[in-house]
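The values are calculated or read from the model by the stated rules, or taken from the named source; none is laboratory data. Being a predicted model, the structure only gives us computed values, none of them experimental. A quick note on method: Cβ atoms are made from the backbone with ideal geometry, for glycine too, and the neighbour counts reach across all protein chains shown. SASA here: full protein model, heavy atoms, side chains in, ligands and nucleic acids out. Shrake-Rupley method; radii C 1.70, N 1.55, O 1.52, S 1.80 Å.
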There are 4 protein chains.
Amino acid sequence: MPNAPADCDVIEKTSTVDCTLNYRVDGPSDFLFQIHALEGMDQKVIRESLDIVPPLPHRVYADPTLNHRFLRLHADVGDLTLRYHAVVQRRIERVEAMPAFVPIAELPDQVMHNLMPTRYCESDLLGRAAYKLFSHLAPGMPQVQAIVDWIHDNMDYQIGSSQNTTTARDAYLQRAGVCRDFAHLGVTFCRALNIPARLVVGYAPFNEPPPDFHAVFEAYLGQRWILFDATRMSPLDQLVRIASGRDAKDVAFATLFGPATMTSMAPLISPAAGEPAS
Amino acid sequence: MPNAPADCDVIEKTSTVDCTLNYRVDGPSDFLFQIHALEGMDQKVIRESLDIVPPLPHRVYADPTLNHRFLRLHADVGDLTLRYHAVVQRRIERVEAMPAFVPIAELPDQVMHNLMPTRYCESDLLGRAAYKLFSHLAPGMPQVQAIVDWIHDNMDYQIGSSQNTTTARDAYLQRAGVCRDFAHLGVTFCRALNIPARLVVGYAPFNEPPPDFHAVFEAYLGQRWILFDATRMSPLDQLVRIASGRDAKDVAFATLFGPATMTSMAPLISPAAGEPAS
Amino acid sequence: MPNAPADCDVIEKTSTVDCTLNYRVDGPSDFLFQIHALEGMDQKVIRESLDIVPPLPHRVYADPTLNHRFLRLHADVGDLTLRYHAVVQRRIERVEAMPAFVPIAELPDQVMHNLMPTRYCESDLLGRAAYKLFSHLAPGMPQVQAIVDWIHDNMDYQIGSSQNTTTARDAYLQRAGVCRDFAHLGVTFCRALNIPARLVVGYAPFNEPPPDFHAVFEAYLGQRWILFDATRMSPLDQLVRIASGRDAKDVAFATLFGPATMTSMAPLISPAAGEPAS
Amino acid sequence: MPNAPADCDVIEKTSTVDCTLNYRVDGPSDFLFQIHALEGMDQKVIRESLDIVPPLPHRVYADPTLNHRFLRLHADVGDLTLRYHAVVQRRIERVEAMPAFVPIAELPDQVMHNLMPTRYCESDLLGRAAYKLFSHLAPGMPQVQAIVDWIHDNMDYQIGSSQNTTTARDAYLQRAGVCRDFAHLGVTFCRALNIPARLVVGYAPFNEPPPDFHAVFEAYLGQRWILFDATRMSPLDQLVRIASGRDAKDVAFATLFGPATMTSMAPLISPAAGEPAS
């Protein structure tokens, strides 16, 4: 959950999402999208629309546990355009300064799996490194803050330095990556320190091109999920959440089965009319 | 689901599970076990008991989707023994000879994630290898059968050749592993060919020591999950299922947090009294 | 050594090499080149010239064992152009149809290290795979021919599929690569089967753009080095050899230390005037 | 070269090496040993003897460049014992406090290859990590000293944590290893910082069992090779050198081809009679 500024306990923000994705389809292909704003947690979708050109039968369903939404469709040869528009209201609560570390025994059952290594977050392989780097700190928030600082200070943000298959281990070794890699490494270090963590993707404003979806991470502290962004590229209170998941595979904005290629993307977000620009 | 012999459509079997796990605990530790027989699918737990020595507060809960059960407990310094006993009845349906490949567009929503790569099943990395090895075959059952044959013929079953962190890619490279690695590789090749697949663990009789939990895999064909065992070490119709999951991390029989060590294990299974020995 | 056609024991060929390399140097940089045609083995350099623009102090020295030549120079900010021109005569002996496998005990001392794994040829990791794929064949030539066939049939030649750091293991896993990767995999399989092998780079004519240096491999059979090209992209009898080495690191055409970037390359080769075009 | 204490410029030491290796040979096998004390650099072999039981034809030859010696032999089924005995005199010169970094342009030709990545020293993969960790220091000795400190402080020396195939990258990731891994990581970081480095193996006294060969590394500074030991387990001035090489593959004390197994080893070293015990 985005964190409100220190001087107020709750703020509300409304944002407008305007996301366009274009594909060239060279043969029958199936698509699985996650581009709908999350309905739930601290978010309320005021209104939304989805346009698919050409019009195609499709299906939207929600994850039974976390409520993020999937869009499935099948397309034949030709161009394909998706446009998703939404107005989303967020209620941002201030995070207490030092939420408590939650001992394993006190973690909720459904959070336990967020301690486990996943495809892109090999916390089993980076356990000793995490211990060497962060075990001298008090468990919980001091460690997560040190993780965010370490990633920010020791990793180069470099577009093109990583690929779809790049994992936290790879990023840690090459000391470079993009937002997704920074978030994966944050998740990985947290899990290695017995702090449940997960990846979060959403819409976020960037000062720098190119527009893209944003990936950050959440750690479970003080019996709640708290957002962190090791890239420090976009204010967390402006993020419109799409989904949370184990890692990027769980929350990819698009998974393609078949000979299709994305030709352009523009996942834009702005303050809703009447809102301050931040 | 275990597959009945060819000459009958349904058979019923009753098995007795007698599982003992011993640990030495050198400091406060948390445990997450998955040792309960699955209640559901083709299985019915007739009766069961769990003894924990010394007696400790614990908690058993079921996965909301797949219904397998977890056991959580916290232990302090000392020895710890778990004994799980169960009588389980299974209803084994014969698998039709050639269940149909299910096109992506016709897969149930909740099965889609079983197409994705996971920590130990990097189907994104082995995609081209799977294609080279199996794409000349008709999609679906012929491919899965060829996968099972390939693994059986090209991998050495060798205790000690793999570790906790060994993945399908590692096993494929080193051409050796144990049941868990064989199953991971089966899962991985299936997913790479757009066939949903998952890991299954359970109790199974072995002719050869040492007794251990068994890992096999399931592929989604003909709109159902069908069991396969590339090790061919134990008849599938004698498997008592504990859990299904994305890979070994989802269904580990024990996950330890803290300075504890397993000193011995004996996950035994036998035909229930009055049942034929096979 | 390139292999003469079956109907004659020795042929002679003369080729003209015309190699141009262009760099942009953004700060003081050191260069280590290997672009000189080999003087020795089956090659004789009739004449050659090297132009460096701007003219810079430089140094050419030969490897004491294998005789390939290195060029070292230091450049400051600005553009840098190298042009190497040579006329090279090769004497190509026919390889006997089935040169004998050389048992380890009969290998010359100086060849022993060509059995060892190297940075890009991890024969220690691919040992069991090599054994599974090729151990049913008679040792020596039948195995090497099967290796070449396997690589040609099971690997995709795909420009852009590999990088500087790609190893034989990586290429084997991803089932794709370029000539260097094909040659590394050939070397790796040979070494895993106790056949000494090494990488060879040189100038070769291609029908397809872009012009590039070529990498092939040599196996030690019948007490001599015999050339193989798993890409089958260029006739071996037209290769002008630059160097042999343990793997690509030993024989890189250019190694850069400093902020310099190659802007273009044209390592061309053609039959010398008066020679038939193939 | 081992480094003399600060208060004298040259000291001489004499050591006695007594190395026994036992093998069980289950089928015809070839062996390549490197157990002879180096004759050259700062060492002089006063006398030596080699006993092979049963007596077998064998062959000792020296590397043409670095002069370390190889022993080759072929053995048939049965037990095999090697005993190598030597008295070695070393002349240990004091290393100047701050030997100068040697710019690439001033490196001797024959040292250039010690800048390249090798099988177990992937300096190409750890380049950015080396830069992040050590580039703020003055080039040369300050960096190498910081590398030794970093390895000593951040890696766990743990017997059994690594295998034959473990590389510097693996050791860096898992933050654990043995002397060979510590030395490989030192070599790797040096090369990544454009400091030539190589692995050195030899006989060294340890306070702790089990007796084993020792691996340390050399960096090229002040136009000479200087020894470093990141394990700090044995005084460098007591090391009797066997060989230097690119990495462990170049200088393995034994490489086996065939079904043979080492049953025990005892590479002992002690001060020669009349020498002080340290």
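Before moving on, here are some points about what is shown:
- Here C:Ala192 meets the list (1) open to solvent by 40 Å² or more (accessible area, probe 1.4 Å); (2) more than 14 Å from the chain's Cα centre (by Cα) almost entirely, failing just condition (1).
- Members of region D:105-126 found to be surrounded by fewer than 19 Cβ atoms within 10 Å (Cβ to Cβ) and small (Gly, Ala, Ser), listed by number: D:Ala105
- Number of the exception - C:Asn207 against (1) more than 11 Å from the chain's Cα centre (by Cα); (2) open to solvent by less than 50 Å² (accessible area, probe 1.4 Å): (2)
- Hey, C:Arg169 crowded, with 19+ Cβ neighbours inside 10 Å and under 17 Å from B:Leu173 (Cα atoms) or not: yes
- Residue within region D:156-163 that is at the interface with another protein chain (Cβ under 9 Å from one of its Cβ atoms) and either surrounded by 15 or more Cβ atoms within 10 Å (Cβ to Cβ) or not basic (Lys, Arg) (or both) present: yes
- Scanning region D:210-237 for residues that are more than 13 Å from the chain's Cα centre (by Cα) and within 18 Å of D:Cys19 (Cβ to Cβ) yields D:Pro210, D:Pro211.
- Scanning region D:59-97 for residues that are of a type in the set (Val, Ile, Thr), under 18 Å from the mean Cα position of the chain (by Cα) and modelled with pLDDT of 95 or more yields one hit, D:Val88.
- Subset of region C:155-170 (residues that are of a type outside the set (D, E, K, R) and without any contact (Cβ under 8 Å) to a residue 60 or more places away in the chain): C:Gln158, C:Ile159, C:Gly160, C:Ser161, C:Ser162, C:Gln163, C:Asn164, C:Thr165, C:Thr166, C:Thr167, C:Ala168
- Failed item, numbered, when C:Phe257 is tested on (1) open to solvent by 10 Å² or more (accessible area, probe 1.4 Å); (2) under 26 Å from C:Leu133 (Cα atoms); (3) at pLDDT 95 or above: (2)
- Looking only at region A:59-96, and only at residues there that are open to solvent by 90 Å² or more (accessible area, probe 1.4 Å) and part of a strand (DSSP E or B), the one that is nearest to A:Gln223 (Cα to Cα): A:Arg91
- Failed item, numbered, when C:His113 is tested on (1) facing another protein chain (nearest Cβ under 8 Å); (2) part of a loop (DSSP other than H, G, I, E, B); (3) under 26 Å from D:Asp109 (Cβ atoms): (2)
- As for region C:26-44, it holds no residue that is within 17 Å of C:Ser244 (Cβ to Cβ), crowded, with 18+ Cβ neighbours inside 10 Å and out of contact with any strand residue (DSSP E or B) (no Cβ under 6 Å at 6 or more places or on another chain).
- Flag for D:Leu125 being facing chain C (nearest Cβ under 10 Å), in a loop (DSSP other than H, G, I, E, B) and touching a residue at least 40 places away in the same chain (Cβ under 8 Å): yes
- Answer from C:Glu96, C:Glu106 - the residue that is within 14 Å of another protein chain (Cβ to nearest Cβ) and more than 26 Å from D:His113 (Cα to Cα): C:Glu106
- For region C:95-124, a residue qualifies if it is of a type in the set (D, E, K, R) and in contact with a strand residue (DSSP E or B) (Cβ under 7 Å, 6 or more places away or on another chain), and the qualifying residues are C:Asp109, C:Arg119.
- D:Gln174 vs. criteria away from chain C (no Cβ under 14 Å), over 20 Å from the mean Cα position of the chain (by Cα) and open to solvent by 10 Å² or more (accessible area, probe 1.4 Å): yes
- For the criterion of being more than 23 Å from D:Pro211 (Cβ to Cβ), of a type in the set (Lys, Arg) and in a strand (DSSP E or B), D:Arg47 fails.
- Check on C:Pro99, assigned to a loop (DSSP other than H, G, I, E, B) and open to solvent by less than 40 Å² (accessible area, probe 1.4 Å): yes
- Just one of the numbered conditions (1) more than 20 Å from A:Asn67 (Cβ to Cβ); (2) open to solvent by 40 Å² or more (accessible area, probe 1.4 Å) is not true of A:Gln223: (1).
Yes or no, residue by residue, for (1) at pLDDT below 95; (2) of a type in the set (Ser, Thr, Tyr):
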{"position": "D:Gly127", "(1), (2)": "no, no"}
{"position": "D:Leu133", "(1), (2)": "no, no"}
{"position": "D:Asp153", "(1), (2)": "no, no"}
{"position": "D:Ser161", "(1), (2)": "yes, yes"}
{"position": "D:Gly186", "(1), (2)": "no, no"}
{"position": "D:Arg191", "(1), (2)": "no, no"}
{"position": "D:Pro210", "(1), (2)": "yes, no"}
{"position": "D:His214", "(1), (2)": "no, no"}
{"position": "D:Ser234", "(1), (2)": "yes, yes"}
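- Matching strands (runs of 3 or more DSSP E) fully within region C:193-278 where at least 2 residues are in contact with a Gly (Cβ under 6 Å, 6 or more places away or on another chain), away from chain D (no Cβ under 14 Å) and of a type outside the set (Lys, Arg): C:214-221, C:240-245
- When region D:132-144 is limited to residues that are in contact (Cβ under 8 Å) with a residue 12 or more places away in the chain and surrounded by 15 or more Cβ atoms within 10 Å (Cβ to Cβ), the one that is farthest from the other protein chains (Cβ to nearest Cβ) turns out to be D:Met141.
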